[in-house]
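Take a look at the structure below.
Every number in this text was worked out from the coordinates using simple rules, so none of it is lab data. Please read these numbers as outputs of a predicted model, since none were measured by experiment. Every residue, glycine as well, gets a Cβ built from its backbone with ideal geometry; the counts of neighbours run over all protein chains shown.
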Amino acid sequence: MAKPGIATELIVASVFISVLALASPIFVMQVLNRYVSQGVDSTLVTLTVGVLVAIALELAFRQARLHLAQRVSADSDEGMSADGYKILTRSKLGSLEQVAPDSRREIINGINNVEQAFNASNICAVLDVPFALFFVFVLYLLEPAIALVVLAFLAIVFLGGLWGAASTAKKNSDLTRASGASSALIGTAVREAETVRAFNAGTFLRSAWGEHSSLVHGLRRLVGMRQGLVQSLTQSANAILSVVVIVIAGILVVQGELDVGSMIGINILAARALQPISRFSQLGTSFTKANQSLAMFEEFSRMPLEKESGSTLTDYAGGLELRDLAFSYPGSKDPLFESLDLDIKPGNVLVVTGNNGMGKTTFAKVLLGLLEPTRGQILADGLDIQQAASEWWRKQIIYLPQEPSLLNATIAENLLVNCPETGEEALQHAVDAAGLRRFVDESENGLETPVVDNGWRLSEGIRRRMALARGLISGGKLVLFDEPIESFDAEGIATVHAILSEMAKQGKTIIVMSHDPKIVKGQHTVLDINTKPTPKITLIPAAGQARVASEPETQVLESNK
């Protein structure tokens, strides 16, 4: 009913289909009562032509209705699919990570359940249900007693279908969850094939797969048995109804209250009345799964999204100010850091150091705007990044994550994904600067070589070089490197240091996350995130004499020139 015009046309088509469906029983009645008794061939020809025309018209209306029904759901199906992927790619990272990856996959895959349940054929089947009463009404005009019997059978089959759907609802929900666990095991076996073999994890995984497989197959068998039971009962109801109708009609014929032609026609009408109810009763499981998938999707769709619009700066100089910044993960007792005040002037260098798991990567994600701080503000040249357009802000940053992954796209598309408008010269410069030239030249199709498995088939060094080139493409004023020399060989480490040196000369603001506080030479500031809850700030002058910042309020970093 969201499209009243199409809905009206569907209902009108259903009316014509139901009326034209009367042609077959009327044809049978007329042939038996008129032609057989009188033997006039012209009567038979006229009746035959008439019923064939009616059948052809009914077919035409059914096809027209099917095309209309496709138009009803097409936009919704495509829109739901697009919305689901939009949520996956635009929802706030902190909220998205509260949903397990396999649950996200099941939610998106559940869209298929909705599309299958509300396809054109099933929509037409639902539209036929109320018109079953039309055939009951025609039966009532012919013989009220038989009409009441047919009505009782309709109610029994309809309620049986509802029972079947209700009885499998919980099992379908359990099956969805079990399928998600199986999907996770398959993903592990596919993605981590080397680990599975190197550490003899196959036995463990096969045991877990056996348990989940047994559970999944058991649930599927149970759901299948319930569906089969409903289908068998429906078929038996059709057969019993035919027997009952023939018995009652036969008695009426013997008593002279009904003729043979009417008896056969009534039997056809009874079967036609039960047909849409039988079809609808078998759709119960599909609609139940669709409703469950819709409920999961609607909950998923309430996830907060990153802003598409927001404030921007015409010329961001690279300054970054942290005011009373704090962050803690949901459910965590202690914050990773809090009460952090820091004013990073353009061109300054900051090293964020700490042991593994102390929050260096999380701190980088907070600065990038991927995670929202629990308290406080991050100001980029005075602009609160919470009010800034997310896409604009991330284009201002040359970002190298600790564990980079890539897209299943070409090398060029991966490098240009954040700045697709970048020219060929800048692209080639980034390739050379990141030390990626040899790999590109040795690849079969150069920059057009496709990356598969999100880059996990590549060596870690090549993957990090590609991520480094991807970050350099943005040309931003703020550099954010998370463990930049990790997994690099001597040549790769030299490349990173050369890039950092060059960017320092260009006056870019540099923030490096590293467990090694000596990764940066010359004047810089060290933020020790090991110190909880408020990190310790140490100013490292060019001469190498360190002093700990004593002011409890905002610390201003001296120029790195």
Added length on full extension, which subtracts the Cα-Cα distance from 0.36 nm per residue, F137 to M1: 46.3 nm
Zone of S76's modelled label, taken as backbone nitrogen in region 1-34 under 13 Å from a point 7 Å along Cα→Cβ: 1-4, 6-7
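Looking at region 4-301 from every direction and averaging, what is the projected area of its Cα convex hull in nm²?
20.7
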Amide H partners (placed H, <5 Å) of A388, local residues excluded: S311
Neighbour net charge for R226 - beta-carbon separation under 15 angstrom, K R +1, D E -1: +4
Among beta bridges that DSSP assigns inside the chain, antiparallel share in %, nearest 5: 50
Using alpha-carbon coordinates, inclination of helix 424-433 to the longest axis of the chain, degrees: 60
Estimated D of region 305-354 in µm² per second, where Rh is the Kirkwood radius over Cα pairs and Stokes-Einstein applies at 25 °C, 0.890 mPa s: 177
Alpha-carbon Debye profile of the chain, log10 I(q)/I(0) at 0.07, 0.10, 0.12 Å⁻¹: -0.64, -0.95, -1.19
Residues whose placed amide H lies under 5 Å from that of V351, excluding near-sequence neighbours: V512, T525, V526, L527
Distance (nanometres) between label positions extended 7 Å along Cα→Cβ at V260 and H515: 9.5
Kirkwood estimate for region 19-89, i.e. one over the average of 1/r between Cα atoms, Å: 15.5
Inter-probe distance in nm under a simple model that places probes 7 Å from Cα toward Cβ, at T534 and R191: 4.0
Spatial separation of Cα centroids for region 111-162 and region 4-76, in angstrom: 18
Coordinate range along principal axes, alpha carbons of region 384-543, Å, largest first: 49, 40, 30
Protection proxy ranking of 35-41, 430-436 - average other beta-carbon atoms within 10 Å, highest first: 430-436, 35-41
Pairwise FRET efficiency - A239 versus Q386, Cβ, R0 = 51 Å, nearest 0.05: 0.15
Simple label model, 7 Å out from Cα along Cβ direction - Q377 to E413, nm: 4.1
Directionally averaged projected area (convex hull, Cα atoms, region 290-443), nm²: 13.5
Distant-in-sequence amide H partners of S91 (H built 1.01 Å from N, under 5 Å): E306
Cα extents of region 265-330 along the three principal axes, largest first (Å): 87, 32, 11
Residue-span extension gain [N109 to V19] - 0.36 nm each, minus C-alpha spacing: 28.4 nm
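So what's the net charge close to C124: Lys and Arg +1, Asp and Glu -1, counting the other residues with Cβ under 9 Å from its Cβ?
That sum, taken over residues with Cβ under 9 Å, equals +1.
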Degrees separating the helix 132-142 axis from the principal Cα axis of the chain, which is the longest one: 10
Rg/Rh ratio calculated on Cα atoms of region 404-475 (Kirkwood radius): 0.91
Rg/Rh (Cα only; Kirkwood hydrodynamic radius) as it applies to region 221-348: 1.55
Alpha-carbon spread of region 1-60, three principal axes, descending order, Å: 54, 16, 10
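If you build the convex hull over the alpha carbons only and average its shadow over all orientations, what do you get for region 81-141? Give it in nm² to one decimal.
Values: hull surface 23.4 nm².
Mean projected area of the Cα convex hull: 5.8 nm².
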Total formal charge among the other residues, if their Cβ is under 10 angstrom from that of L371, Lys/Arg +1 and Asp/Glu -1: 0
Share of Cα-Cα pairs in region 8-158 lying beyond 25 Å, as whole percent: 55
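Which pairs, out of K333/K395; K360/K508; K365/K536; K477/K521, put more than 30 Å between their alpha-carbon atoms?
Exceeds cut-off: K333/K395.
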Full-stretch length increase - E424, M303 - with 0.36 nm per residue and alpha-carbon distance subtracted: 39.7 nm
